[in-house]
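As structure tokens, the structure follows; a few thoughts come after it.
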Amino acid sequence: MEIRIRYLSDKIEKLRYIDGKSDWIDLRAAADVELKQGDFALIPLGVAMALPAGYEAHIAPRSSTFKNFGILQVNSVGVVDCSYSGDTDEWKMPVYAVRDTVIHAGDRICQFRVIENQPKIDFVEVDSLGGPARGGFGSTGVK
């Protein structure tokens, strides 16, 4: 698969796989961002991409993002669809700071992968699903 990318910052490394670790690709902050506890920010990631038709990107924090920076991605996972493909459609990470923090340009703060769009679904209303009830949401216990 080929994806056209436009780098909007010279403060980040070019995107690449981390050999042997994952098929997720790290994204970096494209600017220095200082946050106080309770602040919200859209952290620029320095890239715009033209994803192929029928595909979307999912953006999630790296496993170390909270520990290192004290930020949470406010929408849990970001979804970038293939229509977000203009020259200035910069990818950003919406975050909430739980402590005072500084993120520097070039810091790896999130990651993404490209996923094929869900197939078209037709919903068929029925009187019974035919399976046994499992006891409700959260009913399988802790251990």
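The values are calculated or read from the model by the stated rules, or taken from the named source; none is laboratory data. As the structure is a computational prediction, the values presented were derived from the model and not from experiment. Positions of Cβ are backbone-derived with ideal geometry, glycine not excepted, and every protein chain shown enters the neighbour counts. Areas reflect the complete protein model, heavy atoms only, side chains present, ligands, DNA and RNA absent. Shrake-Rupley method; radii C 1.70, N 1.55, O 1.52, S 1.80 Å.
Suppose we filter region 1-52 for residues that are of a type in the set (Gly, Ala, Ser), under 20 Å from Ser63 (Cα atoms) and at pLDDT 95 or above; how many remain?
Qualifying residue count, region 1-52: 3.
Here are some conditions: (1) under 30 Å from Leu27 (Cβ atoms); (2) open to solvent by less than 100 Å² (accessible area, probe 1.4 Å); (3) not small (Gly, Ala, Ser). Gln118 meets all but one. Which one does it not meet?
Failed condition: (2).
Could you tell me which of the residues Glu34, Glu2 is charged (D, E, K, R) and either surrounded by 17 or more Cβ atoms within 10 Å (Cβ to Cβ) or over 30 Å from Pro119 (Cα atoms) (or both)?
Glu34
Quick check on this structure: which one of Asp23, Asp32 is within 23 Å of Tyr7 (Cβ to Cβ), in contact with a His (Cβ under 7 Å, 6 or more places away or on another chain) and of a type outside the set (A, V, I, L, M, F, W, C)?
Just a single option satisfies the conditions, and that option is Asp32.
Determine which single condition Ser9 fails, assuming it passes every other condition in (1) more than 17 Å from the chain's Cα centre (by Cα); (2) surrounded by 12 or more Cβ atoms within 10 Å (Cβ to Cβ); (3) hydroxyl-bearing (Ser, Thr, Tyr); (4) over 13 Å from Gly106 (Cα atoms).
That leaves (4) as the condition not met.
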